[in-house]
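See below for the structure under consideration.
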Amino acid sequence: MPESITLSLILPAYNEAARLPPYLATVRTELDATYGPHYEVLVVDDGSDDGLADDLAPLASQWPQLRVLRHPKNLGKGAAVRSGMLAASGRLLLFADADGAAPIEEQGRLAEAIEAGADLAVGSRLLPGNGVRRVRSFGRGVAGRLFAVFIRRLLRLRVRDTQCGFKMFRGEVGRRLFAITCEPRYLFDLEVLAIAQRLGDRIVEVPISWREVPGGHMNPVLELPRILLGLWRLRRLKGRERLP
């Protein structure tokens, strides 16, 4: 592994033995071509029990840029992203969903925004953009837009698509933000954005291509109590000591 790492890609993964390996193949092709040896991929296995670790072991043995971190039990997506962010050493930190819904080639759009002065570049499935293509079921699209409007008003966030799992940070900014976050599950994006906005970090929303990938693990009905509790907690903490 070279001493100078330009990009660290963090991939939180829970029972992704079917979907993650194909995505990693495209990741390796893109990042080899773009960054040469100056990148790292950190897969954070969040307590999977589907054999994911066994599937990744031979790949990691012959891909120097791939590192696999493992939680002994499932802690949640936010906890997995936090582990990866704090273990990463890149000048740029990008986290992406393990299903590959956002093509890895879209990292270039976010990197351009960072190089132009952004501290945090947020991939957006809602903003229009040249050359972007979105494939999403009608129902999920409507639900996503309604949730985004509700969240923006509740937490007064300026980002339209808060939940897109494709966000890039300037290295020092990402490490600082994730060192003070604690949301372990699906609302970690909101906490990070709220803190970044409160601290005055420059957040830029970037339109990206995205496609819905079958096989997700989140059940909105089962997660609803946790989501509501998390929103209540974030709302209470807004303006208090944890949001400096």
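The values are calculated or read from the model by the stated rules, or taken from the named source; none is laboratory data. Just so you know, these numbers come straight off a predicted model, no measurement behind them. Virtual Cβ from ideal backbone geometry, glycine too; neighbours counted across all protein chains shown.
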Exercise. Only residues in the stretch 107-127 that are over 15 Å from Gly165 (Cα atoms) and at pLDDT 95 or above count as the first member; pair them with residues that are acidic (Asp, Glu) and surrounded by 14 or more Cβ atoms within 10 Å (Cβ to Cβ), Cβ under 8 angstrom, at least 6 apart or cross-chain, and list the lot.
Key: Asp119/Asp201
Quiz item: How many residues are small (Gly, Ala, Ser), in a helix (DSSP H, G or I) and within 17 Å of Glu16 (Cβ to Cβ) when one looks only at the stretch 37-69?
Solution: 3
Exercise. Scan the stretch 88-101 and give yes if some residue there is modelled with pLDDT of 95 or more, basic (Lys, Arg) and either touching a Lys or Arg at 6+ places or on another chain (Cβ under 7 Å) or farther than 19 Å from Arg175 by Cα (or both), otherwise no.
Key: no
Quiz item: Does the stretch 70-85 contain at least one residue that is in contact with a Gly (Cβ under 9 Å, 6 or more places away or on another chain), surrounded by fewer than 19 Cβ atoms within 10 Å (Cβ to Cβ) and part of a strand (DSSP E or B)?
Solution: yes
Exercise. Could you run through the stretch 89-101 and say how many residues are surrounded by 21 or more Cβ atoms within 10 Å (Cβ to Cβ) and either more than 17 Å from Leu193 (Cα to Cα) or in contact with a Leu (Cβ under 7 Å, 6 or more places away or on another chain) (or both)?
Key: 8
Practice problem: Find the residue count for the stretch 156-176, including only residues that are without any contact (Cβ under 8 Å) to a residue 40 or more places away in the chain, of a type outside the set (Asp, Glu) and over 22 Å from Leu127 (Cβ atoms). | Solution: 1
Self-check item: Pairs, first farther than 12 Å from Ala101 by Cα in the stretch 16-27, second in a helix (DSSP H, G or I) and charged (D, E, K, R), C-beta under 7 Å, six or more apart
Solution: Ala17/Asp55; Pro21/Asp55
Practice problem: Looking only at the stretch 179-205, count how many residues are out of contact with any Leu (no Cβ under 8 Å at 6 or more places or on another chain) and either more than 13 Å from Asp119 (Cβ to Cβ) or in contact (Cβ under 8 Å) with a residue 60 or more places away in the chain (or both). | Solution: 7
Quiz item: Out of the stretch 177-207, which residues are of a type outside the set (A, V, I, L, M, F, W, C) and out of contact with any strand residue (DSSP E or B) (no Cβ under 9 Å at 6 or more places or on another chain)?
Solution: Thr181, Glu183, Pro184, Arg185, Tyr186, Glu191, Arg198, Gly200
